[in-house]
Amino acid sequence: MRIDIITVLPQLLESPFSASILKRAQTKGLVEVHLHDLRKYSTNKHAQVDDYQYGGGAGMVMALEPVVAAIEDLQGQRNYDEVIYLTPDGTTLDQRMANRLSVQNNLMLLCGHYKGIDERIREHFITKEISIGDYVLSGGELAAAVLADSIIRLIPGVLNDGTSALTDSFQDDLLAPPVYTRPAEYRGWPVPEILLSGNTPAIEEWRHQKALERTQKRRPDLLKRQSSEEGGKI
Ligand code: ADE
(Lines give C-alpha, C1' and ligand atoms only; values in the text may rest on other atoms or scores of the structure.)
Protein backbone atom coordinates (compact mmCIF):
# COMPACT_ATOMS: atom_id res chain seq x y z
CA MET A 1 0.00 0.00 0.00
CA ARG A 2 1.03 3.59 -0.61
CA ILE A 3 -0.30 6.53 1.37
CA ASP A 4 0.33 10.10 0.19
CA ILE A 5 -0.43 12.86 2.67
CA ILE A 6 -0.82 16.48 1.60
CA THR A 7 -0.21 18.87 4.48
CA VAL A 8 0.91 22.38 5.37
CA LEU A 9 2.77 20.91 8.38
CA PRO A 10 4.80 17.90 7.23
CA GLN A 11 7.01 18.18 10.33
CA LEU A 12 3.99 17.39 12.50
CA LEU A 13 3.59 14.05 10.72
CA GLU A 14 7.22 12.95 10.65
CA SER A 15 7.39 11.51 14.14
CA PRO A 16 4.29 9.23 14.11
CA PHE A 17 5.67 7.45 11.05
CA SER A 18 9.25 7.15 12.35
CA ALA A 19 8.72 4.89 15.33
CA SER A 20 7.43 1.48 16.33
CA ILE A 21 4.88 -0.38 14.19
CA LEU A 22 4.42 2.32 11.55
CA LYS A 23 8.15 2.57 11.00
CA ARG A 24 8.57 -1.21 10.86
CA ALA A 25 5.76 -1.52 8.32
CA GLN A 26 7.66 0.85 6.03
CA THR A 27 11.04 -0.84 6.63
CA LYS A 28 9.47 -4.20 5.76
CA GLY A 29 8.19 -2.68 2.50
CA LEU A 30 4.53 -3.28 3.43
CA VAL A 31 3.57 0.39 3.18
CA GLU A 32 5.06 3.57 1.76
CA VAL A 33 4.09 6.85 3.38
CA HIS A 34 4.93 10.06 1.49
CA LEU A 35 4.45 13.51 2.97
CA HIS A 36 3.85 16.40 0.55
CA ASP A 37 4.31 19.97 1.68
CA LEU A 38 1.43 22.00 0.25
CA ARG A 39 3.59 25.12 0.21
CA LYS A 40 5.63 23.61 -2.61
CA TYR A 41 2.54 23.90 -4.79
CA SER A 42 1.94 27.55 -4.04
CA THR A 43 2.71 29.94 -6.89
CA ASN A 44 2.51 32.86 -4.47
CA LYS A 45 5.90 34.47 -3.77
CA HIS A 46 5.34 34.09 -0.01
CA ALA A 47 4.29 30.45 -0.47
CA GLN A 48 0.93 31.40 0.98
CA VAL A 49 -1.56 28.56 1.27
CA ASP A 50 -4.54 30.37 2.80
CA ASP A 51 -6.98 32.90 1.40
CA TYR A 52 -9.98 35.00 2.44
CA GLN A 53 -13.42 33.49 2.25
CA TYR A 54 -16.04 34.94 -0.07
CA GLY A 55 -18.89 36.55 1.78
CA GLY A 56 -16.65 37.75 4.58
CA GLY A 57 -16.43 36.41 8.08
CA ALA A 58 -13.65 35.39 10.41
CA GLY A 59 -11.21 32.73 9.40
CA MET A 60 -9.21 31.90 6.32
CA VAL A 61 -9.77 29.07 3.86
CA MET A 62 -7.06 26.88 2.34
CA ALA A 63 -6.15 28.40 -1.01
CA LEU A 64 -7.82 26.50 -3.84
CA GLU A 65 -5.08 26.38 -6.45
CA PRO A 66 -2.21 24.80 -4.46
CA VAL A 67 -4.55 22.08 -3.16
CA VAL A 68 -5.76 21.24 -6.68
CA ALA A 69 -2.19 21.36 -8.01
CA ALA A 70 -1.04 18.91 -5.33
CA ILE A 71 -3.92 16.49 -5.91
CA GLU A 72 -3.53 16.59 -9.69
CA ASP A 73 0.24 16.18 -9.51
CA LEU A 74 -0.18 12.97 -7.49
CA GLN A 75 -3.09 11.74 -9.61
CA GLY A 76 -0.90 12.19 -12.69
CA GLN A 77 1.56 9.68 -11.23
CA ARG A 78 -0.82 6.86 -10.22
CA ASN A 79 -4.46 5.97 -9.69
CA TYR A 80 -5.84 6.53 -6.23
CA ASP A 81 -8.51 4.30 -4.74
CA GLU A 82 -9.61 7.13 -2.47
CA VAL A 83 -8.83 10.83 -2.07
CA ILE A 84 -9.67 11.41 1.58
CA TYR A 85 -10.23 14.77 3.25
CA LEU A 86 -9.82 14.81 7.05
CA THR A 87 -12.50 17.06 8.45
CA PRO A 88 -14.67 17.19 11.59
CA ASP A 89 -17.81 17.15 9.42
CA GLY A 90 -16.86 13.89 7.70
CA THR A 91 -18.09 10.35 8.44
CA THR A 92 -16.79 9.21 11.80
CA LEU A 93 -13.93 6.71 11.51
CA ASP A 94 -14.65 3.24 12.85
CA GLN A 95 -13.01 -0.17 12.63
CA ARG A 96 -15.13 -1.19 9.65
CA MET A 97 -13.91 1.81 7.68
CA ALA A 98 -10.29 1.06 8.63
CA ASN A 99 -10.76 -2.58 7.55
CA ARG A 100 -12.13 -1.52 4.16
CA LEU A 101 -9.36 1.00 3.54
CA SER A 102 -6.63 -1.48 4.55
CA VAL A 103 -7.18 -3.54 1.38
CA GLN A 104 -6.67 -0.59 -0.99
CA ASN A 105 -3.45 0.08 -2.92
CA ASN A 106 -3.14 3.87 -3.09
CA LEU A 107 -4.68 6.37 -0.71
CA MET A 108 -4.32 10.13 -0.77
CA LEU A 109 -5.03 12.04 2.44
CA LEU A 110 -5.59 15.79 2.53
CA CYS A 111 -5.20 17.49 5.90
CA GLY A 112 -7.54 20.40 6.40
CA HIS A 113 -6.53 23.70 8.03
CA TYR A 114 -8.04 27.07 8.88
CA LYS A 115 -11.77 27.07 8.06
CA GLY A 116 -11.29 24.20 5.63
CA ILE A 117 -11.07 23.80 1.86
CA ASP A 118 -13.06 25.40 -0.95
CA GLU A 119 -16.27 23.42 -1.42
CA ARG A 120 -15.47 22.85 -5.11
CA ILE A 121 -12.48 20.70 -4.15
CA ARG A 122 -14.79 18.56 -2.06
CA GLU A 123 -17.23 18.25 -4.94
CA HIS A 124 -14.73 17.48 -7.68
CA PHE A 125 -11.74 15.72 -6.14
CA ILE A 126 -12.54 14.27 -2.73
CA THR A 127 -13.99 10.76 -2.68
CA LYS A 128 -14.31 10.33 1.12
CA GLU A 129 -14.53 12.75 4.04
CA ILE A 130 -13.46 11.32 7.38
CA SER A 131 -13.64 12.66 10.93
CA ILE A 132 -11.89 10.95 13.83
CA GLY A 133 -14.48 12.13 16.35
CA ASP A 134 -16.84 14.87 17.41
CA TYR A 135 -14.25 17.42 18.47
CA VAL A 136 -12.20 19.94 16.56
CA LEU A 137 -8.44 19.64 16.17
CA SER A 138 -6.16 22.44 15.06
CA GLY A 139 -5.66 20.72 11.73
CA GLY A 140 -6.13 17.43 9.93
CA GLU A 141 -2.56 16.16 10.53
CA LEU A 142 -3.18 14.32 13.79
CA ALA A 143 -6.39 12.92 12.32
CA ALA A 144 -4.44 11.71 9.26
CA ALA A 145 -1.91 10.00 11.56
CA VAL A 146 -4.73 8.29 13.48
CA LEU A 147 -6.41 7.16 10.27
CA ALA A 148 -3.15 5.90 8.75
CA ASP A 149 -2.24 4.03 11.94
CA SER A 150 -5.65 2.33 12.10
CA ILE A 151 -5.21 1.19 8.48
CA ILE A 152 -1.53 0.22 8.44
CA ARG A 153 -1.71 -2.10 11.47
CA LEU A 154 -4.31 -4.18 9.56
CA ILE A 155 -2.07 -4.84 6.55
CA PRO A 156 -1.03 -8.51 6.66
CA GLY A 157 2.51 -8.89 8.00
CA VAL A 158 2.61 -5.54 9.84
CA LEU A 159 1.88 -7.02 13.26
CA ASN A 160 4.14 -9.86 14.34
CA ASP A 161 1.34 -12.04 15.61
CA GLY A 162 -0.95 -12.45 12.61
CA THR A 163 -4.02 -12.87 14.77
CA SER A 164 -3.56 -9.92 17.08
CA ALA A 165 -5.36 -7.34 14.92
CA LEU A 166 -8.29 -9.74 14.66
CA THR A 167 -8.65 -9.83 18.44
CA ASP A 168 -8.56 -6.04 18.82
CA SER A 169 -11.52 -4.22 20.30
CA PHE A 170 -14.22 -3.46 17.70
CA GLN A 171 -13.35 -6.37 15.41
CA ASP A 172 -16.66 -8.32 15.52
CA ASP A 173 -18.23 -5.28 17.20
CA LEU A 174 -16.99 -6.40 20.60
CA LEU A 175 -14.64 -4.68 23.03
CA ALA A 176 -11.56 -6.74 23.88
CA PRO A 177 -11.62 -8.86 27.07
CA PRO A 178 -9.32 -8.03 30.03
CA VAL A 179 -5.71 -9.23 29.86
CA TYR A 180 -3.26 -10.22 32.62
CA THR A 181 0.47 -10.83 32.86
CA ARG A 182 2.89 -12.05 35.56
CA PRO A 183 2.87 -12.40 38.52
CA ALA A 184 -0.10 -14.73 39.01
CA GLU A 185 -0.79 -13.01 42.32
CA TYR A 186 0.10 -9.39 43.09
CA ARG A 187 -0.74 -7.63 46.37
CA GLY A 188 -3.30 -10.35 46.98
CA TRP A 189 -4.99 -9.73 43.60
CA PRO A 190 -5.05 -13.03 41.71
CA VAL A 191 -5.20 -13.59 37.97
CA PRO A 192 -8.50 -15.42 37.11
CA GLU A 193 -7.75 -19.11 37.54
CA ILE A 194 -9.12 -20.15 34.19
CA LEU A 195 -6.25 -18.29 32.48
CA LEU A 196 -3.72 -20.50 34.30
CA SER A 197 -5.56 -23.73 33.44
CA GLY A 198 -4.02 -24.36 30.02
CA ASN A 199 -7.51 -25.31 28.79
CA THR A 200 -7.55 -23.31 25.55
CA PRO A 201 -11.23 -23.83 24.57
CA ALA A 202 -12.36 -22.89 28.09
CA ILE A 203 -10.09 -19.81 28.02
CA GLU A 204 -11.51 -18.77 24.64
CA GLU A 205 -15.05 -19.13 26.00
CA TRP A 206 -14.16 -17.11 29.12
CA ARG A 207 -12.64 -14.36 26.97
CA HIS A 208 -15.69 -14.26 24.75
CA GLN A 209 -17.97 -13.99 27.80
CA LYS A 210 -15.86 -11.18 29.28
CA ALA A 211 -15.84 -9.36 25.94
CA LEU A 212 -19.63 -9.61 25.80
CA GLU A 213 -20.03 -8.41 29.41
CA ARG A 214 -17.68 -5.47 28.87
CA THR A 215 -19.40 -4.49 25.64
CA GLN A 216 -22.84 -4.79 27.26
CA LYS A 217 -21.74 -2.55 30.09
CA ARG A 218 -19.73 0.07 28.22
CA ARG A 219 -20.94 0.06 24.62
CA PRO A 220 -24.37 -1.60 24.36
CA ASP A 221 -24.83 0.28 21.05
CA LEU A 222 -22.27 -2.10 19.47
CA LEU A 223 -24.34 -5.17 20.42
CA LYS A 224 -27.52 -3.55 19.13
CA ARG A 225 -25.80 -2.83 15.82
CA GLN A 226 -24.68 -6.46 15.62
CA SER A 227 -28.14 -7.91 16.29
CA SER A 228 -29.88 -5.55 13.85
CA GLU A 229 -27.37 -6.54 11.15
CA GLU A 230 -27.91 -10.22 11.84
CA GLY A 231 -31.64 -9.57 11.57
CA GLY A 232 -31.03 -7.77 8.31
CA LYS A 233 -29.18 -10.70 6.79
CA ILE A 234 -32.04 -13.17 7.30
N1 ADE B 1 -9.69 18.34 11.57
C2 ADE B 1 -10.04 19.01 12.67
N3 ADE B 1 -10.73 18.26 13.52
C4 ADE B 1 -10.85 17.02 12.93
C5 ADE B 1 -11.48 15.82 13.29
N6 ADE B 1 -12.13 15.69 14.44
N7 ADE B 1 -11.38 14.78 12.45
C8 ADE B 1 -10.74 14.91 11.27
N9 ADE B 1 -10.13 16.02 10.87
C10 ADE B 1 -10.18 17.08 11.68
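The values are calculated or read from the model by the stated rules, or taken from the named source; none is laboratory data. Values in this document were obtained by computation on a predicted structure and should not be read as measured data. Please note: Cβ atoms are built from the backbone with ideal geometry, for glycine as well, and neighbour counts cover all protein chains shown. SASA here: full protein model, heavy atoms, side chains in, ligands and nucleic acids out. Shrake-Rupley method; radii C 1.70, N 1.55, O 1.52, S 1.80 Å.
When segment 101-125 is limited to residues that are part of a loop (DSSP other than H, G, I, E, B) and within 14 Å of Leu147 (Cβ to Cβ), the one that is farthest from the chain's Cα centre (by Cα) turns out to be Gly112.
Asn106 meets each of the listed conditions (1) buried (at least 16 other Cβ atoms within 10 Å of the Cβ); (2) under 23 Å from Leu30 (Cα atoms); (3) within 15 Å of the ligand (Cβ to nearest atom) apart from (3).
Each residue in segment 151-187 was checked for being free of Cβ contacts under 8 Å to residues at least 24 places away in the same chain and within 16 Å of the ligand (Cβ to nearest atom), and 0 of them qualify. The selection criterion, being open to solvent by 30 Å² or more (accessible area, probe 1.4 Å) and within 30 Å of Asp172 (Cα to Cα), holds for Tyr135. Scanning segment 20-44 for residues that are part of a helix (DSSP H, G or I) and basic (Lys, Arg) gives Lys23, Arg24, Arg39, Lys40. Among the residues of segment 195-234, write down those that are of a type in the set (A, V, I, L, M, F, W, C) and surrounded by 13 or more Cβ atoms within 10 Å (Cβ to Cβ). Selection gives Leu195, Ile203, Trp206, Ala211, Leu212, Leu222, Leu223. Name, by its number, the condition in (1) in contact (Cβ under 8 Å) with a residue 60 or more places away in the chain; (2) within 14 Å of the ligand (Cβ to nearest atom); (3) surrounded by fewer than 17 Cβ atoms within 10 Å (Cβ to Cβ); (4) within 27 Å of Leu223 (Cα to Cα) that does not hold for Ala148. Every listed condition holds for Ala148 apart from (3). Taking the listed residues Pro88, Pro66, the one that is within 16 Å of the ligand (Cβ to nearest atom), farther than 27 Å from Leu166 by Cα and surrounded by 12 or more Cβ atoms within 10 Å (Cβ to Cβ) is Pro88, with no other qualifying.
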